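Written below as structure tokens is the structure these notes are about.
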Amino acid sequence: CYVQEGVAGVSMRGLARELGVSAPALYRHFASKEEVMVGVVSEAYSRMAQYLHRALEGRTALERFRLAGEAYVSFAMEHPRMYLTMYAGPSFIGMQVYPESVAQRGCAIGQFWNDRVRECIQDGYLKPGSPDELGTTMWAHAHGLLSIYLRGILEIGEDEFRRAFDASFWRMMTGLGTERFDALWAGLQNEEIEAVALTP
């Protein structure tokens, strides 16, 4: 599996088997396994973006923030191999840097999250600070927990992990959120979204 072994431990034949196609068919589209892996990372970013963009349906900054966070976790849990590969870094796939097109997709993901953080700062849900710095802190928290779980280091079931993740996130947010955040986040459920949206 390329997630464990990296590109050095992967053959075009093995990749073709993973993808459900023949090796000759794969060579018709990609000159090397490195090119295939670049395609995998690019596709992973595209799929994650599709998950995250659903958060724009939220009617308040806090709702969009919550939906974006949930989408990030859902993508990682539903597509663990893609998730681990997209954050393994270019050296993992035998390159010094990603092609510009792939790097831009990664930057767009980060910018989308930081925009949700910026909205919450502006609306008084998060304490004043740099959206990029706060966004990176939150991302590091989420990515760290997801990575050790998806790699099997935390030997717990998915439901238990999600509960542990939510509890850990809440502990972190007690230092980053305002009183307004604390008051609304704890009771923010799907059936309560309309009431939250009407909060002045």
What are the pairs with Cβ atoms under 8 angstrom where one residue, in segment 157-186, is of a type in the set (Ser, Thr, Tyr) and the other, located anywhere, is assigned to a helix (DSSP H, G or I)? Sequence gap at least six, or different chains. Ser168/His141; Ser168/Leu145; Thr174/Asp182
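Please determine, by comparing only the residues of segment 119-137 that are of a type in the set (Ser, Thr, Tyr) and part of a loop (DSSP other than H, G, I, E, B), which one is modelled with the highest pLDDT. Lay out the reasoning, then the answer.
Going through segment 119-137, the residues of a type in the set (Ser, Thr, Tyr) turn out to be 125, 130, 136-137.
Narrowing further to those that are part of a loop (DSSP other than H, G, I, E, B): 125, 130.
Details: Tyr125: 94, Ser130: 97.
Among those that are of a type in the set (Ser, Thr, Tyr) and part of a loop (DSSP other than H, G, I, E, B), it is Ser130.
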Of the residues that sit in segment 94-126 and are open to solvent by less than 30 Å² (accessible area, probe 1.4 Å), without any contact (Cβ under 8 Å) to a residue 60 or more places away in the chain and of a type in the set (A, V, I, L, M), which one is farthest from Arg47 (Cα to Cα)? Leu126
Count of segment 61-80 residues which are open to solvent by 20 Å² or more (accessible area, probe 1.4 Å), assigned to a helix (DSSP H, G or I) and free of Cβ contacts under 8 Å to residues at least 40 places away in the same chain: 4
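Could you list all residues from segment 81-93 that are surrounded by fewer than 16 Cβ atoms within 10 Å (Cβ to Cβ) and under 15 Å from the mean Cα position of the chain (by Cα)? Working first, answer last.
Restricting attention to segment 81-93, the residues satisfying the condition of being surrounded by fewer than 16 Cβ atoms within 10 Å (Cβ to Cβ) are 81, 87, 89, 91.
Answer for segment 81-93, where residues must be surrounded by fewer than 16 Cβ atoms within 10 Å (Cβ to Cβ) and under 15 Å from the mean Cα position of the chain (by Cα): Arg81, Tyr87, Gly89.
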Residue hits (segment 87-101; closer than 20 Å to Ser147 by Cβ and in a helix (DSSP H, G or I)) are Pro90, Ser91, Phe92, Ile93
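What do you reckon, is Gly58 open to solvent by less than 10 Å² (accessible area, probe 1.4 Å) and modelled with pLDDT under 95?
Yes.
So which residues in segment 145-165 are open to solvent by 30 Å² or more (accessible area, probe 1.4 Å) and either part of a helix (DSSP H, G or I) or within 24 Å of Val117 (Cβ to Cβ) (or both)?
Leu145, Ile148, Tyr149, Leu150, Glu158, Asp159, Glu160, Arg162, Arg163, Ala164
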Is at least one residue of segment 7-15 surrounded by 18 or more Cβ atoms within 10 Å (Cβ to Cβ) and either part of a helix (DSSP H, G or I) or modelled with pLDDT of 85 or more (or both)? yes
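The values are calculated or read from the model by the stated rules, or taken from the named source; none is laboratory data. Everything numeric here is computed off the predicted structure, so don't read it as measured data. Positions of Cβ are generated from backbone atoms using ideal geometry, with glycine treated the same way; all protein chains shown enter the neighbour counts. Heavy atoms of the whole protein, side chains included, go into the accessibility calculation; ligands, DNA and RNA do not. Shrake-Rupley method; radii C 1.70, N 1.55, O 1.52, S 1.80 Å.
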